[in-house]
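The values are calculated or read from the model by the stated rules, or taken from the named source; none is laboratory data. Nothing here was measured: the structure is a model prediction, and the numbers come from that model. All Cβ positions, even for glycine, are placed from backbone atoms using ideal geometry, and neighbour counts span all protein chains on display. We work out accessible area using only protein heavy atoms, side chains counted, and drop any ligands, DNA or RNA first. Shrake-Rupley method; radii C 1.70, N 1.55, O 1.52, S 1.80 Å.
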Amino acid sequence: MAEIKNTAKTFKLNTGDQIPAVGLGTWQSKPGEVGKAVEAALRTGYRHIDTAFAYGNEKEVGEGIRASGVPREEIWLTTKLDNPWHKRVAGGIDSSLKNLGTSYVDLYLMHWPCSTDPDDNGKVYPDWDYLDTWRDMQTLVGTGKVKNIGVSNFGIKNLERLLNDPGCKIVPAVNQIELHPGNPSPKLVAYNKSKGIHSSGYSPLGSSDSPLSTNETILSIAKEKGRTPAQVLLLWGVQKGWSVLPKSVTESRIKANWQLDSWSLSDEEVAKIDAIPDRFKVCGDSWLPIKVFFGDEE
């Protein structure tokens, strides 16, 4: 039997491009830490790095990429358009590329379906929303600055509205959403798939101090496999068909999260994890001026 190479796995997007199944997330990675984390990840073998203008760490992510010695063309790099930049898409991508020190990103996402007024973060534009933003993002395709475009934090309601808009000429390649056994979003994942949109999962470990790290089902499977709970959670996501973006700035954890080869979860083990009843969200929408989550994921 051939060796299972989960770390080499990719998912084919609707553009034909292949996104690596395992990436390094950098949300909440502090300055002074994230550059070293990116460098360590790339030296370990990761070839997928996820950042965003809103994280305030693009510059350091770019430094980590260059310090790794891994050629830029071997790396899948994702960044995101920040909410107050929705009316300035061209400026948004240029700012990110300058921060990252690269001429292109592999994937450019609309971070949230929320067009925030840059003069007042408590308000959205009265004359503009994410449909307008998407129309502008589509103009980036073919410029050489982005290879793929997609969305993030879109539920079914907002995706339906986007896809039914006459101005939507390009179906998003990716919808990056919170995905873990405490927020599995089966209806949303199925909807994405039905429209040819790849689901990419952020906070796959449920974030720091996660209830999943003490969940009996996860712990018992990890013990049986001789693996860490984090490794079990990551492989669950990959086997469910989405890319996973574990965040860490600790080199030992970055390396451990990469140890996904030569083993797999059985259908029964996947089903046991699927059956975990506890629900929680790491990232809600209460900080936004509008509601974007409507409970339609399940």
Hits for the chain under the membrane-span-like helix rule (DSSP H, Cα axial span at least 30 Å, Kyte-Doolittle mean at least 0.5) are none
Given a 1.4 Å probe, how much area per residue of region 151-205 is accessible, in Å²? 34 Å²
For a quick size check, give me the Cα extents of region 71-113 along its three principal axes, largest first, whole Å. 33, 18, 12
Starting from the amide H of F280, placed 1.01 Å from N in the peptide plane, find each other amide H under 5 Å away whose residue is 5 or more places distant or on another chain. N183
By the scheme Lys and Arg +1, Asp and Glu -1, what is the net charge of all other residues having a beta-carbon under 13 Å from that of T15? 0
Too long at a 27 Å Cα-Cα cut-off: which of K80/K247; K193/K272; K9/K223; K123/K145; K59/K193? K123/K145; K59/K193
Sort the following peptides by mean Cβ neighbour count (other Cβ atoms within 10 Å, averaged over residues), highest first: 195-203, 272-280, 176-184. 176-184, 195-203, 272-280
With a 1.4 Å probe and every protein chain kept in, tell me what percent of the accessible surface of region 209-298 is carbon plus sulfur. 49 percent
Of the candidate values (1) 6, 25, 32, 21, 10, 4, 1, 0; (2) 6, 24, 26, 21, 15, 6, 1, 0; (3) 6, 29, 37, 22, 6, 0, the one computed for P(r) over Cα pairs in 10 Å bins from 0, in percent from this structure is (3)
Relative packing of 112-124, 129-141, 232-244, which averages over residues the other C-beta atoms within 10 Å, highest first: 232-244, 129-141, 112-124
Could you order the peptides 255-264, 158-167 from most to least packed, using the average number of other C-beta atoms within 10 Å per residue? 255-264, 158-167
Long-range HN-HN contacts of K123 with modeled amide H, under 5 Å: D117
Can you work out the accessible area per residue across region 41-133, with the rest of the protein chains kept in place, probe 1.4 Å, in square angstrom? 37 Å²
